[in-house]
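J.: One structure, as structure tokens, below. Some questions next.
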Amino acid sequence: KTNIAVFASGTGSNFETIVKAMEAGRLDCNVSLLVCDKADAKVLDKAKAFNIPTFVFNPKDYDSKADFEQEIITQLEAKQIEWIVLAGYMRLIGTTLLSQFESKIINIHPSLLPSFPGKDAIGQALEAGVKITGVTIHYVDEGMDTGKIIEQEALRVREKEDRDSLQQRIQELEHRLFPETIQRLVSNNLEK
Ligand code: GAR
């Protein structure tokens, strides 16, 4: 089976759905490693509960991005990781990782890119007053949420919808779309 690593910095609800999809047999791969750049992230409790190995690091302990990415590569190689899935990993990927995992790193973003890249995409969409937003899954390049788009799904913003409601509906959409799309990628069922 294909080994994948999930990178996350926060709550880890997407991490959890990916692991559950794997356990339910809807995702034909092993989530073999969680990489996390925050020692107090909630996603670490989830990894523990599901018995998924973790690599936790503090970027400040390294001289440069190249240094910590080199350490990440060592960890990934030890687990024979083929795909990297970013699920709320709030850090740009550098050339060290990109060159080693070319076209093998994907990210999920809570807007219809290229609208609202970067932080707080849901807040940005509400602020802009758009009627339609959604979720994007894309390949990762050196830019901020700029890589080639793999999959998108739209969602209609409700009249006077508040942030919590929109966030919840975006996340429900993510939790369905992400495992489905990863499955299509690892089973090679998708054009590159
Ligand atoms: C997700 O909504 C994901 O789309 C977003 O962070 C959230 C993580 O939630 N990612 C970005 O905004 C990337 N720019 P989770 O930790 O509960 O999976």
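J.: Report, by residue number, each residue of the stretch 12-29 that is open to solvent by less than 60 Å² (accessible area, probe 1.4 Å) and either away from the ligand (no atom under 16 Å from the Cβ) or not acidic (Asp, Glu) (or both).
T.: If the condition is that a residue be open to solvent by less than 60 Å² (accessible area, probe 1.4 Å) and either away from the ligand (no atom under 16 Å from the Cβ) or not acidic (Asp, Glu) (or both), then Gly12, Ser13, Asn14, Phe15, Thr17, Ile18, Val19, Ala21, Met22, Leu27, Cys29 are the ones that fit.
J.: Also, quick follow-up: Only one of these is of a type in the set (Ser, Thr, Tyr), surrounded by fewer than 19 Cβ atoms within 10 Å (Cβ to Cβ) and closer than 23 Å to Glu159 by Cα: Ser103, Ser115. Name it.
T.: Being of a type in the set (Ser, Thr, Tyr), surrounded by fewer than 19 Cβ atoms within 10 Å (Cβ to Cβ) and closer than 23 Å to Glu159 by Cα holds for just one of Ser103, Ser115, which is Ser115.
J.: Can I ask one more? Based on what the data block shows, is Gly143 touching a helix residue (DSSP H, G or I) at 6+ places or on another chain (Cβ under 7 Å) and surrounded by fewer than 19 Cβ atoms within 10 Å (Cβ to Cβ)? Steps first, answer last, please.
T.: On the way: touching a helix residue (DSSP H, G or I) at 6+ places or on another chain (Cβ under 7 Å): no; surrounded by fewer than 19 Cβ atoms within 10 Å (Cβ to Cβ): yes.
Criteria not met by Gly143.
J.: Also, quick follow-up: Mind checking which pairs have a first residue in the stretch 133-146 that is near the ligand (Cβ under 10 Å from one of its atoms) and in a strand (DSSP E or B) and a second that is polar (S, T, N, Q) and modelled with pLDDT of 95 or more, Cβ under 8 Å, 6 or more apart or different chains?
T.: Within 8 Å, the pairs are Val135/Ser111; Val135/Gln152; Thr136/Ser111; Thr136/Gln152; Ile137/Asn107; Ile137/Gln152; Ile137/Thr181.
J.: Can we say Ala49 is open to solvent by 50 Å² or more (accessible area, probe 1.4 Å), within 25 Å of Glu172 (Cβ to Cβ), over 16 Å from the mean Cα position of the chain (by Cα) and among the hydrophobic types (A, V, I, L, M, F, W, C)?
T.: Against the criterion (open to solvent by 50 Å² or more (accessible area, probe 1.4 Å), within 25 Å of Glu172 (Cβ to Cβ), over 16 Å from the mean Cα position of the chain (by Cα) and among the hydrophobic types (A, V, I, L, M, F, W, C)), Ala49 qualifies.
J.: Could I ask something else about it? Of everything in the stretch 112-132 that's in a helix (DSSP H, G or I) and in contact with a strand residue (DSSP E or B) (Cβ under 7 Å, 6 or more places away or on another chain), which residue is nearest to the ligand (Cβ to nearest atom)?
T.: My answer is Ala121.
J.: Condition check: within 15 Å of Asn3 (Cα to Cα), of a type outside the set (Ser, Thr, Tyr) and part of a loop (DSSP other than H, G, I, E, B). Does Gln80 satisfy that?
T.: Considered against the rule, which asks whether it is within 15 Å of Asn3 (Cα to Cα), of a type outside the set (Ser, Thr, Tyr) and part of a loop (DSSP other than H, G, I, E, B), Gln80 comes out as yes.
J.: If you take the residues in the stretch 71-90 that are open to solvent by 80 Å² or more (accessible area, probe 1.4 Å) and under 22 Å from Gly147 (Cα atoms), which one is farthest from the ligand (Cβ to nearest atom)?
T.: Out of the qualifying residues, it is Glu82.
J.: Only one of (1) away from the ligand (no atom under 11 Å from the Cβ); (2) among the hydroxyl-bearing types (Ser, Thr, Tyr); (3) within 15 Å of the chain's Cα centre (by Cα) is not met by Ser9, so which one is it?
T.: Ser9 satisfies every listed condition except (1).
The values are calculated or read from the model by the stated rules, or taken from the named source; none is laboratory data. Just so we're clear, the structure is a prediction, and the values are computed from it rather than from any experiment. Quick reminder, even Gly has a Cβ in these numbers, built from the backbone with ideal geometry, and neighbours come from all protein chains shown. For accessibility, only protein heavy atoms count, side chains too; no ligands or nucleic acids. Shrake-Rupley method; radii C 1.70, N 1.55, O 1.52, S 1.80 Å.
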